[in-house]
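Participant: Quick one: this structure, given as structure tokens, is what I'll be asking you about.
Where a number appears in this text, it was derived from the coordinates with a stated rule and is not lab data. On a predicted model such as this, the values are computed, not experimentally measured, just so you know. Cβ: placed from backbone, ideal geometry, glycine included. Neighbour counts: every protein chain shown.
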């Protein structure tokens, strides 16, 4: 048995993990091929959410609450990451218009 | 019934995820991400994680997405240029991502999950009481460190977003 009971019908943990994998992959594609720094931040949020889904799914499978608490922590970290990332972006955009993430290459030396 | 709800929410999440990476305007990407968040919150409810469901809707779909919308409104609707300088990058990243997905898929084939060590009362699993009990006993130090992290993030955001030459 690889699933659990949810409201009378059997759900498979693998479905949740597969969905999380698909969402994570979509986020990875976005980070790799999109050029806009804002969209890249959005795609990172998508990946973090996919990781959250696996945490909560395993929490339900093992009937152990620790996974949900981990998910809560990672939500906090994601919020902090979004705030600081957006602040950096606003600061950069104040000086110049960035259409392409590759324009930001000053730190390369 | 739960299976139907799962597949509807999963389809919504995947459609939203495709929307995030395929829309040209950032504002549409953000709104697609809101769809993903809402679909995921439904899935959290299916996984009997009530508190995570509420936190997902309020913190993510509410606060974080509003923050993104504010920033987009502040920066103006910058459209993305279609072509990148590295011409082979798109195909190369597609190859890499397909390999990663193949690995994840192979990992999920024929996997057997550990069974619960002890059966718990599922009627209180994931409620505010049980989450709060875990958060303030077993996870007290991580919880306090989280508050420090949020403080640092808030100070950093204020510092980064103040005006040039504003040394007060």
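Participant: Divide by every residue of the protein assembly as shown the summed helix terms, -39500 (n - 2.57) for each DSSP H run of at least 4, and state the resulting mean residue ellipticity at 222 nm, rounded to the nearest 500 deg cm²/dmol. Don't skip to the answer; put the middle values down first.
Facilitator: On the way: 10 runs with 187 residues, N = 277.
About -23000 deg cm²/dmol.
Participant: For the stretch B:127-168, state what percent of all Cα-Cα pairs lands in each successive 5 Å bin, counting from 0 Å until the bin that includes the largest distance.
Facilitator: Taking all Cα pairs of the stretch B:127-168, the binned fractions are 5, 20, 16, 14, 12, 10, 9, 6, 6, 2 percent.
Participant: Now a separate question. Under a GNM of chain B (C-alpha, springs under 10 Å), which listed residue has the highest mean-square fluctuation: B:88, B:136, B:70?
Facilitator: B:88
Participant: Here is a further query. What is the projected area of the convex hull of the Cα atoms of the stretch B:1-77, averaged over all directions, in nm²?
Facilitator: Orientation-averaged projected area of the Cα hull: 4.8 nm².
Participant: Mind checking A:15-21 for the average number of partner chain beta-carbons within 10 Å of each residue's beta-carbon?
Facilitator: Taking the mean over all residues of the peptide, I get 6.
Participant: Working out 0.36 nm times the residue gap between residue B:98 and residue B:22, then minus their Cα-Cα distance, what length gain in nm do you get to one decimal?
Facilitator: Numbers: separation 76, 0.36 × 76 = 27.36 nm, distance 1.72 nm.
25.6 nm is the gain from fully extending residue B:98 to residue B:22.
Participant: Now for a different question. For the stretch A:3-97, what size does the Cα cloud have along each of its three principal axes, sorted from largest down, in whole Å?
Facilitator: So the three principal-axis extents are 57, 25, 17 Å.
Participant: In units of 2.2 N^0.38 Å, what is the alpha-carbon radius of gyration of the stretch A:45-94?
Facilitator: 1.46
Participant: Now for a different question. Residues in the stretch B:119-163, backbone N under 15 Å from the label point at residue A:5 (7 Å along the Cα-to-beta-carbon vector): list them, ranges by number please.
Facilitator: B:119-125
Participant: Mean 1/r over all different Cα pairs, inverted: what Kirkwood radius does chain B give, in Å?
Facilitator: On the way: mean 1/r = 0.0495 Å⁻¹.
Roughly 20.2 Å, rounded to one decimal.
Participant: Run the quick spin-label model on residue B:133 and residue A:92: label points 7 Å from Cα toward the beta carbon, then report their separation in nm to one decimal.
Facilitator: About 4.7 nm separates the two model spin labels.
Participant: Between B:39, B:49, B:157, which gets the highest mean-square fluctuation from a Gaussian network model of chain B, Cα cutoff 10 Å?
Facilitator: Result: B:157 has the largest fluctuation of those listed.
Participant: Now for a different question. Can you check how the C-alpha radius of gyration of the protein assembly as shown compares to 2.2 N^0.38 Å, as a plain ratio?
Facilitator: 1.07
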